Amino acid sequence: MKTARRVCERDGCDELVADARGGRIPKYCSGRCRVAAHRARHAIPAELRERRRWVRRDEDKVPLMVKSGRRASSTAPGTWGTYADAVASRHGVGLGYVLRQGDGVVCIDLDHCLWGDRVSDWAQRILDRCPSTFVERSASGSGLHIWGRGEMPRGRRIRRDDGSAVEVYGTGRYIALGERWRSAPLQLADLTEVIDSLT
């Protein structure tokens, strides 16, 4: 009986995956490609990693301090940590990043715009207007976060007629991080024009 074969799913690798055992076809040609793909999905732009704005989060997206696991606050810098400490922390289930006024970092949150890997038309139009910048799938798996540079002194929520929403934040909020979206670039572009068109 011949088993199906396919190409390794890691970006940039076109090796064939080994024959399946037990009916399950592996996604990657090797352990090395599996690890590289995992790291790529969780890669973060240096501009974010270098700032002391990191927290952990629990299952309900409550921000936690990286060292103690107690509640963190998006307005209390003493409750934030470094990226390295946040990654090493065992508290909670994932990472979060705090947006602080004056940093010039903004996040456009596109709620409920994904069905599997399919992007809704309204969200795709927003993505198409964005310069090449970091995008990630939200922790819930049903939305996207577009990260970039800009100023947004007060957050804004724009409710759409279909029940979905676009939120734009630049201060006093924390964003629960998910996975990098479709090999998005690890850079933050200027989103000023996009934000102006939304607000």
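Structure notes:
- Any chance residue 163 is without any contact (Cβ under 8 Å) to a residue 60 or more places away in the chain, surrounded by 15 or more Cβ atoms within 10 Å (Cβ to Cβ) and either outside the structural domain of residue 63 (by TED's automatic domain parsing) or over 21 Å from residue 86 (Cα atoms) (or both): no
- Yes/no for residue 146 being β-branched (Val, Ile, Thr), buried (at least 21 other Cβ atoms within 10 Å of the Cβ) and over 24 Å from residue 65 (Cα atoms): yes
- Residue tally, condition surrounded by fewer than 18 Cβ atoms within 10 Å (Cβ to Cβ) and not acidic (Asp, Glu), over segment 38-86: 24
- Scope segment 125-137; condition at pLDDT 95 or above and of a type outside the set (Val, Ile, Thr); matching residues: 127, 128, 129, 130, 131, 132, 134, 136, 137
- Residue match in segment 91-111 (condition: at pLDDT 95 or above, in a strand (DSSP E or B), under 18 Å from residue 163 (Cα atoms) and among the aliphatic types (A, V, I, L, M)): yes
- Leading residue by the ranking (nearest to residue 127 (Cα to Cα)) among those in segment 184-199 that are touching a residue at least 60 places away in the same chain (Cβ under 8 Å) and touching a Lys or Arg at 6+ places or on another chain (Cβ under 9 Å): 194
The values are calculated or read from the model by the stated rules, or taken from the named source; none is laboratory data. None of the values given here were measured: they were computed from a predicted structure. So basically every Cβ, Gly included, is an ideal-geometry build from the backbone, and we count neighbours across all protein chains shown.
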